[in-house]
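Shown next, in structure tokens, is the structure this report addresses.
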Amino acid sequence: MDYFTFYKLMLSTVEKTKVTDGYQLKEKLNSLPEILHSIKTKEDGMLLSEQFQETLGNLIDDGLIKGRTVKTKDSNLYLIQGLSTAGHQYLKNLENPTFLNKLKNVLKEEGIPLTPTSITRAIAKLLFY
């Protein structure tokens, strides 16, 4: 699944549903048509699960989602308190096709791969610098 779409889905789901942890967020996301259509095999589901963990961790670490990560022996637990002000701005800008095209062009020109970390950092730079 396209990272931009996934980021937008995660942020809008946190905003709309007021989830309080990563498990609830994942359950809400798994019921969305965009997610259901992107999972065709077990491997797709596993990749999406890995992408979910990485993306949610980045969104919390980068201050777009208010929350924290609790590391356990088995996996990470994510506690969510909602979107930050930056998260609301990020979501608003992701809905703007001009902004999205500008962001993709900047990443491509710089030779930066489209990963959750690079996307988050690029958006932060475009919004706040």
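The values are calculated or read from the model by the stated rules, or taken from the named source; none is laboratory data. Because the structure is predicted, anything quoted here is derived from the model rather than measured. Heads up, the Cβs are rebuilt from the backbone with ideal geometry, glycines too, and the neighbour counts pull from every protein chain shown. In case anyone asks, the SASA skips ligands and DNA or RNA and just uses the protein heavy atoms, side chains included. Shrake-Rupley method; radii C 1.70, N 1.55, O 1.52, S 1.80 Å.
Structure data summary
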| quantity | calculated |
| --- | --- |
| Every pair of residues 6+ apart whose Cβ atoms lie under 7 Å, when the first sits in region 33-45 and is within 12 Å of MET1 (Cα to Cα) while the second is of a type in the set (D, E, K, R) | SER38/ASP44 |
| Residue that is open to solvent by 90 Å² or more (accessible area, probe 1.4 Å), in contact (Cβ under 8 Å) with a residue 60 or more places away in the chain and among the basic types (Lys, Arg), where the choices are LYS71, LYS108, LYS18 | LYS18 |
| Candidates THR69, THR98 - the one that is outside any strand (DSSP E or B), out of contact with any His (no Cβ under 9 Å at 6 or more places or on another chain) and at negative phi | THR98 |
| Number of the condition not met by PRO113 [criteria: (1) assigned to a helix (DSSP H, G or I); (2) over 13 Å from TYR7 (Cβ atoms)] | (1) |
| Residues of region 1-12 satisfying the condition of being farther than 14 Å from HIS88 by Cβ and assigned to a helix (DSSP H, G or I) | TYR3, PHE4, THR5, PHE6, LEU9 |
| Residue identified as of a type in the set (Val, Ile, Thr) and in contact with a Phe, Trp or Tyr (Cβ under 9 Å, 6 or more places away or on another chain) among ILE39, ILE65 | ILE65 |
| Leading residue by the ranking (modelled with the lowest pLDDT) among those in region 25-66 that are outside any helix (DSSP H, G or I) and surrounded by 14 or more Cβ atoms within 10 Å (Cβ to Cβ) | ILE39 |
| THR120 assigned to a helix (DSSP H, G or I), more than 18 Å from TYR23 (Cα to Cα), at pLDDT below 90 and within 12 Å of the chain's Cα centre (by Cα) | yes |
| Checklist (1) closer than 26 Å to PRO113 by Cβ; (2) modelled with pLDDT of 85 or more applied to ASN93, failing item | (2) |
| So THR120, is it of a type in the set (S, T, N, Q) and farther than 19 Å from PHE4 by Cα | no |
| Out of ILE60, ILE112, ILE119, ILE123, sole residue that is within 14 Å of VAL14 (Cα to Cα) and β-branched (Val, Ile, Thr) | ILE60 |
